[in-house]
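J.: Next up is a structure, given as structure tokens.
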Amino acid sequence: MKLTIIGTGYVGLVTGTCFAEVGHHVICVDNDAEKVKLLQAGGIPIYEPGLEELVKKNVASGRLCFTASTAEGVEKSDIIFIAVPTPPQPDGSVDLSFIERVARDIAAAMNSYKIIVDKSTVPVKTGDKVAETIKRYCKARVEFDVVSNPEFLREGFAVEDLMNPDRIVVGVRSQRPVAAMKETYEPFNAPIIVTDINSAELIKHASNSFLALKISYINAISVVCEATGANVQEVATGMGMDERIGRRFLNPSLGFGGSCFPKDLSAFIKISEQCGYDFALLKEVQRINAQQMDRFVKKITDTLWVLKDKQIGVLGLAFKQNTDDVRMSPAIELCQRLLKEGARLRVHDPKAMDKAKAILPTVTYVDDMNAVAEDCDALVVATEWDEFKKLDLEKSRKAMSAPIMFDGRNLFDPQEMERLGWIYKSVGR
Ligand code: NAD
């Protein structure tokens, strides 16, 4: 099929590439001319495992191309996916100006029947607004359908998730686009659920809010564990073996972050408020998350006493492992808070250092994770990269002024760390 993706970011680029991989012809559009130039020259603007090879392969096969022209993308395809940002506004509601802009650009370029599919995470009823906008600004008298097709990929596992989705949600206002949507997704061999458009839009916000809730739940349990001498890892394992609960998203930490959970949670609270419902449960999820960071910072300041002029090594800048994405990263927030207290930082991340440089210009970036600890008063684990489990603990300990580790991701075994001579403080144990 001929598909166009508007917005070639984390979602758009990976979605477009995976569609090409299963045999569709895909045009990826972005209004960032520099990004398009980079992609056309064979560069990849983001890090996702397996993505670079797949992009190269599909560009070479002629099934994937890039343009800065929305008009070209709309004219040449039957199905247009929207994957542009939906960032938060200061009051927590969603800034829908990117979606409106794209709807107007699509309307201006429509030359035949099109299916316009929203993949961005949007408030319920956005599909109706997109349909109204297209109708208002479309000069040609052509028919179209608007579909909601929320995306559930995890950054860091985006290719894997897109190639093997748990389910595909297709929300429609009429039955007309259903067959084409099913044909588009047929190669992925995943269950397709067809719903009304409002339900599809709600499924995304309800899912992300639930996952955030699960993280805050285990983080709250970690507080009780610390107060009672219990071990949150064992509690999580015991809970997670119950099939009704499941082990995933029960990892205690310094809190969740990233470009999705915080903003989707705020958006869902706002949407509920606009419907006349006070979603107090989700406000508590936010509060627990903020407290988890406060508690972690307090653990550091309680132990190190004065932070001014102390040198602290930080392992991890990305908001989670396997990505270079630092948007709303708890690791970045932690660095900013330590800097505010006057600490000097030596930091390392396997993939996110380039993106972090604009946000943290005053820290020392260290290429080798085993050199981060040099002359440090403490080492902090802020992101759960698997590589960090292979840190040379002996070399790091010997290089430090004091062998203290604050592990915000529970990567190491407390008893083993003690045996190796570390003062080791983790979360909930
Ligand atoms: P992103 O910022 O990585 O990418 C968005 C791209 O859209 C950028 O390259 C930007 O230049 C481009 N763009 C903006 N306005 C445009 C326009 N008018 N025309 C053409 N291109 C335009 O964002 P993302 O992380 O891919 O997220 C996109 C949407 O998908 C958001 O609604 C997000 O909530 C949702 N989502 C994200 C993830 C994730 O893990 N990142 C997962 C599921 C859903």
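J.: Just to verify a number: what accessible area does His348 come out at with the full protein assembly present, 1.4 Å probe, Å² rounded to tens?
T.: 20
J.: Further question: Rounding to the nearest 10 and keeping the result within 0 to 90°, find how far the Cα-based axis of helix 51-60 lies from the longest principal axis of the chain.
T.: For 51-60 against the chain, the angle is about 30 degrees.
J.: Considering only DSSP beta bridges with both partners in the chain, what is the antiparallel share in %, to the nearest 5? Mind showing how you got there, number by number?
T.: Numbers: 3 of 47 bridges.
Rounded to the nearest five, the antiparallel share is 5 percent.
J.: Could you give the angle, 0 to 90 degrees to the nearest 10, between helix 197-228's Cα long axis and the longest principal axis of the Cα atoms of the chain?
T.: 10
J.: Hey, what's the chain come to in accessible area per residue, 1.4 Å probe, Å²? Please list the in-between numbers first.
T.: On the way: 19200 Å² over 429 residues.
Per residue, the chain has 45 Å² of solvent-accessible surface.
J.: Round to a whole number: what % of the accessible area of the stretch 185-237 belongs to carbon and sulfur, probe 1.4 Å?
T.: The C+S portion of the solvent-accessible surface of the stretch 185-237 is 63 percent.
J.: Here is a further query. Please state the equivalent ellipsoid semi-axes for the stretch 2-190: what are the square roots of 5 times the Cα gyration tensor eigenvalues, largest first, in whole Å? All intermediate terms of the calculation are to be shown ahead of the outcome.
T.: On the way: eigenvalues 113, 65, 64 Å².
Whole-Å semi-axes of the equivalent ellipsoid: 24, 18, 18.
J.: Which value, in Å to one decimal place, does the Kirkwood hydrodynamic radius take for the stretch 196-429 when every pair of different Cα atoms is included?
T.: 18.5
J.: Of the candidates Pro165, Pro90, Pro191, which one comes out as most mobile in a Gaussian network treatment of the chain with C-alpha springs shorter than 10 Å?
T.: Highest fluctuation of the listed residues: Pro90.
J.: Further question on the same structure: Taking the Cβ of Gln89 as the center, what net charge do the other residues with Cβ under 15 Å away carry, scoring Lys and Arg +1 and Asp and Glu -1?
T.: Details: positive: Lys263, Lys270; negative: Asp91, Asp95, Glu100, Asp264, Glu273.
With Lys, Arg at +1 and Asp, Glu at -1, the net is -3.
J.: Limiting things to C-alpha atoms, what are the Rg and the maximum Cα-Cα separation (Dmax) for the chain, in angstroms?
T.: According to the Cα coordinates of the chain, Rg and Dmax are 23.3, 75 Å.
J.: Shifting gears a bit: Of Ile116, Ile80, Ile46, which has the largest mean-square fluctuation in a 10 Å C-alpha GNM of the chain?
T.: Greatest mean-square fluctuation among the candidates belongs to Ile46.
J.: Here are some pairs, Lys37/Lys119; Lys263/Lys320; Lys214/Lys263; Lys214/Lys270; Lys56/Lys135; which of them have Cα atoms lying more than 27 Å apart in this structure?
T.: Values: Lys37/Lys119 24 Å; Lys263/Lys320 16 Å; Lys214/Lys263 16 Å; Lys214/Lys270 20 Å; Lys56/Lys135 37 Å.
Beyond 27 Å: Lys56/Lys135.
J.: Still on this structure, I have one more. Of all DSSP beta bridges in the stretch 2-190, what percent run antiparallel (nearest 5)? List each step's numbers first, then the result.
T.: Values: 3 of 25 bridges.
Of the beta bridges lying entirely in the stretch 2-190, close to 10 percent run antiparallel.
J.: Mind ranking Met417, Met369, Met1 by accessible surface for me, highest first, 1.4 Å probe? Before the final figure, lay out each step's value.
T.: Numbers: Met417 0, Met369 30, Met1 60 Å².
My answer, sorted largest first, is Met1, Met369, Met417.
The values are calculated or read from the model by the stated rules, or taken from the named source; none is laboratory data. Treat the numbers as computed from the prediction; the structure is a model and nothing was measured. Every residue, glycine among them, receives a Cβ derived from its backbone with ideal geometry; neighbour counts consider all protein chains shown. Accessible surface areas use protein heavy atoms only, side chains included; no ligands, DNA or RNA. Shrake-Rupley method; radii C 1.70, N 1.55, O 1.52, S 1.80 Å.
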